[in-house]
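To keep things clear, I will list the structure first and then write my remarks on it.
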Amino acid sequence: MSEHFDALETRDPAAREAALMAALPRQVAAAQRTPAFGELLAGVDAAAITSRAALATLPVLRKHELLERQKARRASATNWDPFGGFSAIGWRGLHAPSGAKRVFQSPGPIYEPEGTAPDYWRIARAMHAAGFRAGDLIHNSFSYHLTPAGSMMETGAHAIGCTVFAGGVGNTELQLQAMQELRPQGYAGTPSFLRILFEKAAEGGIALPSLTKALVSGEAFPPSLRDWLAERGVQGYQCYATADVGLIAYETSARQGLVLDEGVILEIVRPGTGDPVPEGEVGEVVITVLQPDYPMVRFGTGDLSAVLAGTCPSGRTNMRIKGWLGRADQTAKVRGMFVHPSQVAEVARRHPEVQRARLVVAGEMANDSMTFKVEVAGTPEGLAGRIADSVRDVTKLRADIELVAPGSLPNDGKVIEDARSYK
């Protein structure tokens, strides 16, 4: 029984990169055929986007911008489109009159289409890595209503050849009864709900010996909980996916970071910018997904992570990331003014001597102070004063400037650190 889902997982990294870059122009062209990306990527020669450097010249689409465009098009009397013009599929009444199998709503609300391709969200790869195999019964406790998580897991399980019990969320007693009577081999859902099920089972003296594997997502999966489940006979693995782009990365038996899905191109960029960071530096996860139905190009997830050096001991050769390390949206309100990561980036961009920058907001609410810390080589004469002027020009606020040695700032992805006391 192969540990790998297919031969793509063990490709030579150079061959994979060549295949991804060969597919990239087609994906950009597919995006340009949608109204929204046709506007955002106007003037871009899709055929020329054949490298990561070329990809990095395109704008990053962040979730708040996606939401704003969806809201505007939903309110339009003449140009109505609940997807904001980003989807190439839909139903009668849209510019794309067919192709959508389902439509979902995420908080915002943001609407996402599901196409007709088998395993549309590409979750089967993560399920296979978690040990799921054809013939297994999977207890799926992700939501089947509004949000796509339930469908994401179900279509992945079906692609492997599994049977699915559509548990959904809530109704703990009924779900536990189903587990006891149907004897599933696997579980899909949040790790916290699986723990609740086991605790409820223990209270009632119920054994769940058939359940031996789990694919969890949607929240943190700390080693302590992983070990707690293992003590009860369940090997749990996590995957990282979003409603916008589907599967991004998944855990393997090596337990060393998360391996990227074969259908995505990942970049780690400095928060507030579209600029890729060096390998190992924490930044925002930006995804280009290689599918034409909902063709997200340089979609900023808002999540922080970092690339791990080397390849996975499981034999999979794709890039690995450290997993979820926080949120990239670090906007802070200082003295009644919002300060954004993009403004920190703009100040740094004005001064070529600056290698990295970090704005620290301290003090107590209503008595804020700002310190703009920058990594520079040496102490260039007059630089601190010039940076102070730039901070005031960009943010309309004053800040103390602190020049620090290269490598001094923490590698945690933060460009705005809110160190205020909220007592």
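Points worth noting:
- Close Cβ contacts (under 8 Å, 6 or more residues apart or on different chains) running from residues in the stretch 18-29 that are free of Cβ contacts under 8 Å to residues at least 60 places away in the same chain and among the small types (Gly, Ala, Ser) to residues that are surrounded by 14 or more Cβ atoms within 10 Å (Cβ to Cβ) and in a helix (DSSP H, G or I) comprise ALA29/ALA46.
- Inter-residue pairs, beta-carbon under 9 Å, first more than 18 Å from TYR250 (Cα to Cα) and in the stretch 205-224, second polar (S, T, N, Q) and part of a loop (DSSP other than H, G, I, E, B), 6+ apart: SER210/GLN185; LEU211/GLN185; THR212/GLN185
- ARG358 vs. criteria under 28 Å from the mean Cα position of the chain (by Cα), of a type outside the set (A, V, I, L, M), buried (at least 18 other Cβ atoms within 10 Å of the Cβ) and at negative phi: yes
- Breaking point among (1) crowded, with 21+ Cβ neighbours inside 10 Å; (2) out of contact with any Pro (no Cβ under 8 Å at 6 or more places or on another chain); (3) modelled with pLDDT of 95 or more, for GLY315: (1)
- Considering residues of the stretch 398-423 that are in a loop (DSSP other than H, G, I, E, B), out of contact with any Phe, Trp or Tyr (no Cβ under 9 Å at 6 or more places or on another chain) and surrounded by 18 or more Cβ atoms within 10 Å (Cβ to Cβ) only, the residue modelled with the lowest pLDDT: ARG420
- The residue list PRO271, PRO276 contains one member that is closer than 26 Å to LEU409 by Cα, touching a Pro at 6+ places or on another chain (Cβ under 7 Å) and touching a residue at least 12 places away in the same chain (Cβ under 8 Å), which is PRO271.
- Among the criteria (1) more than 30 Å from ASN171 (Cα to Cα); (2) crowded, with 19+ Cβ neighbours inside 10 Å; (3) of a type in the set (D, E, K, R), the one ASP136 does not fulfil is (1).
- Scanning the stretch 103-133 for residues that are surrounded by fewer than 17 Cβ atoms within 10 Å (Cβ to Cβ) and farther than 21 Å from CYS162 by Cα yields VAL103, GLN105, PRO107, GLY108, PRO109.
- If you check LEU211, LEU247, LEU215, LEU266 for being in contact with an Asp or Glu (Cβ under 8 Å, 6 or more places away or on another chain), buried (at least 17 other Cβ atoms within 10 Å of the Cβ) and not in a helix (DSSP H, G or I), only one passes: LEU247.
- Of note, LEU67 does not satisfy the criterion of being in contact (Cβ under 8 Å) with a residue 12 or more places away in the chain, within 21 Å of the chain's Cα centre (by Cα) and not in a helix (DSSP H, G or I).
- Under the condition of being surrounded by fewer than 23 Cβ atoms within 10 Å (Cβ to Cβ) and aliphatic (A, V, I, L, M), the residues counted in the stretch 142-159 number 2.
- For the stretch 70-83, a residue qualifies if it is over 20 Å from the mean Cα position of the chain (by Cα) and part of a loop (DSSP other than H, G, I, E, B), and the qualifying residues are ALA75, SER76, ALA77, THR78, ASN79, TRP80, ASP81, PRO82.
- So ARG183, is it of a type outside the set (Gly, Ala, Ser), surrounded by fewer than 22 Cβ atoms within 10 Å (Cβ to Cβ) and in contact with a helix residue (DSSP H, G or I) (Cβ under 7 Å, 6 or more places away or on another chain): no
- Within the stretch 269-300, considering residues that are part of a loop (DSSP other than H, G, I, E, B) and of a type in the set (Ser, Thr, Tyr), the one modelled with the highest pLDDT: TYR294
The values are calculated or read from the model by the stated rules, or taken from the named source; none is laboratory data. Since the model is a prediction, treat every value here as computed from it, not as a measurement. Positions of Cβ are generated from backbone atoms using ideal geometry, with glycine treated the same way; all protein chains shown enter the neighbour counts.
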